[in-house]
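Trainee: Submitted below is the structure of interest, expressed as structure tokens.
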Amino acid sequence: MKDNYLTLKDKKGNKKEYRILLNIECDNNINYVIYTDDKKTKDGDIKAYASSYVLSDKGNMTKLKQVENKDELDFIEKILDSLETK
């Protein structure tokens, strides 16, 4: 992570840069990052992605894994909804 950007590799090994929208650090040692490539959906909304991660001793995001668990997705959605209404 550098200057609120995250660089990830795709399945072909190509690097792609994503802008971090929100970083959620939780007490249960599961942390989440919500990020975007600023592409839009057909409705004009910005596409966003969510991954869980582990913080290294140096404070870097490691072991990023796409969030697919319904409970985790619901948790993230509630946080985003609360930010949207403010």
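Trainee: What does the highest-first list of 29-36, 40-47 look like by mean Cβ count within 10 Å?
Mentor: Details: 29-36: 16.4, 40-47: 8.2.
Descending mean neighbour count gives 29-36, 40-47.
Trainee: Radius of gyration and Dmax for the range 1-41's Cα atoms, expressed in Å?
Mentor: Both quantities, over Cα of the range 1-41: 12.0, 35 Å.
Trainee: Among the lysines, which have Cα under 29 Å from the Cα of K78 when same-chain residues fewer than 8 positions away are ignored?
Mentor: K2, K9, K16, K39, K40, K42, K47, K63, K65, K70, K86
Trainee: Just want to confirm a number: the relative contact order over the chain, from Cα pairs under 8 angstrom separated by 6+ residues, in percent.
Mentor: 16 percent
Trainee: For the chain, I need the span (max minus min coordinate) of the C-alpha atoms along each principal axis, in Å, sorted largest to smallest.
Mentor: 35, 32, 25
Since every read-out is calculated from the coordinates, none of them should be taken as a lab result. Not measured: the values here are computed from a predicted model. Every residue, glycine as well, gets a Cβ built from its backbone with ideal geometry; the counts of neighbours run over all protein chains shown.
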